[in-house]
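The values are calculated or read from the model by the stated rules, or taken from the named source; none is laboratory data. No experiment lies behind these values; they were computed from the predicted model shown. Glycine also receives a Cβ, built like all others from the backbone with ideal geometry; neighbour counts cover every protein chain displayed.
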Amino acid sequence: MRALRLALPLLLAATTAHADFDDCVAGLRSAAAAKGVSGATFDRAMAGVTPDMKVIEAMNNQPEFKTPIWDYLGTLVDDEKVAEGRNMLRQYGSVLAAAEQRFGVDRHTIVAVWGVESDFGKARGKMPLVQALSTGACLAPRRNAFFKGELIATLQIIQRGDLKADRLFGSWAGAFGHTQFIPSTYLRLAVDGDGDGRRDLVDSVADALHSTANFMDKAGWVTGATWGYEVRVPNGYSGPAGRNPKHPVSSWAARGIVKYDGSPLSGTGNAGLLMPAGRNGPAFLVFKNYDAAYSYNGADSYALAISLLSDRIRGRPGVQADWPTDDPPLSREQRRELQRLLIARGYDVGEPDGAVGSLTRNAIKQVEAQIGMQQTGRPGAKVLRALKGR
């Protein structure tokens, strides 16, 4: 009886959500029609669509804003990703050379976006776009205008015949394809990269890479310029910090800031001083090209991942200064090792693929409790060492 009492509110909430969703969809039909989407297109695309509450959950747990910067970079800019990126440079050399020539964006940056966005096409998202976006449009009041606009853009893509609905799978926010364009961005900036007259970011790597270069170009990319570099900030520094406002390089030099190797600052144009982990962590001087990367996702952790990965793919070192943590982050291979060790101890974490979801985090919490650590569920070096018996 107690279980029934506990389940009843959840059942009622789900029923209400579905009723609200159905009413909302009816209103979306007229909104789509006002943007040129025919009733027939809308009805075909929305037939049988039900809300997916995982969209709301994912919206409230975005890793770019909740994950420590060192963990975020640990899996996106590791040796494995760098090796894969260099392989993509070789495999798609002619495509990248053409995109570089056409838009002025260097191939290392284009490949870095591809690697961060979808792991070079291996992780493009599995949510049907129409379902994900209609859920957000109807059940996420805080961002319903965004979801509504992207849903209508998706329907426009379908109606124009650019891509079929059964190829439009992606993230909870509607990003799809190799380099994860949202539908409205697709309509504005997707280009044909392979010369077949179509803009197919799902099945054409060339289209996706050329479209990404076009995005960066339109976002203000400066050909031949740097995104930035790591710097040393004097002890006790109390000056400005952040991606904005930007100041002349000379003003940063006057504050005692130098490149990490101790050499004088360089670069043209104004720059910002980025300290993503505070004044005790690594610091970077960032220029206009960093802003172009930032515009792709709107998070410093994301822009820094693209920038650092592009550097490492071209053979430059990664972050030199230590992150302010006594529990270093794990690479993807280390995360897979962690998951295999958890499985060996009887924990159900699913496939040991290095992607840390709720099953892995719950298992980590149990291990943390056993070894007297605070239960965070974070995949760090301390937990890995404990599982290895060190």
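Annotations for the structure displayed:
- Any chance Arg199 is touching an Asp or Glu at 6+ places or on another chain (Cβ under 7 Å) and surrounded by fewer than 21 Cβ atoms within 10 Å (Cβ to Cβ): no
- Qualifying positions in the range 221-252 - surrounded by fewer than 19 Cβ atoms within 10 Å (Cβ to Cβ), assigned to a strand (DSSP E or B) and either free of Cβ contacts under 8 Å to residues at least 40 places away in the same chain or of a type in the set (Gly, Ala, Ser) (or both): Gly242, Asn244, Pro245, His247, Pro248
- Being outside the structural domain of Ala45 (by TED's automatic domain parsing) and either over 23 Å from the mean Cα position of the chain (by Cα) or among the polar types (S, T, N, Q) (or both) is a condition met by no residue of the range 128-138.
- Any hit, the range 276-288, residues being under 21 Å from Thr109 (Cβ atoms), touching a strand residue (DSSP E or B) at 6+ places or on another chain (Cβ under 9 Å), of a type in the set (Phe, Trp, Tyr) and part of a strand (DSSP E or B): yes
- Among (1) under 30 Å from Gly318 (Cα atoms); (2) crowded, with 20+ Cβ neighbours inside 10 Å - the single one Pro51 does not satisfy: (1)
- None of Val258, Val286, Val319 is touching a residue at least 24 places away in the same chain (Cβ under 8 Å) and in contact with an Asp or Glu (Cβ under 7 Å, 6 or more places away or on another chain) except Val319.
- The test for being closer than 24 Å to Ala99 by Cβ, buried (at least 18 other Cβ atoms within 10 Å of the Cβ) and touching an Asp or Glu at 6+ places or on another chain (Cβ under 9 Å) does not hold for Gln156.
- Residue under evaluation Gly36, criteria (1) free of Cβ contacts under 8 Å to residues at least 60 places away in the same chain; (2) surrounded by 12 or more Cβ atoms within 10 Å (Cβ to Cβ), criterion not met: (1)
- Hey, Thr75 farther than 25 Å from Lys54 by Cβ, buried (at least 18 other Cβ atoms within 10 Å of the Cβ), among the polar types (S, T, N, Q) and touching a Ser or Thr at 6+ places or on another chain (Cβ under 8 Å) or not: no
- When Ser310, Ser295 are checked against the criterion of being closer than 16 Å to Ile110 by Cα, among the small types (Gly, Ala, Ser), surrounded by fewer than 22 Cβ atoms within 10 Å (Cβ to Cβ) and touching a residue at least 40 places away in the same chain (Cβ under 8 Å), Ser295 stands alone in meeting it.
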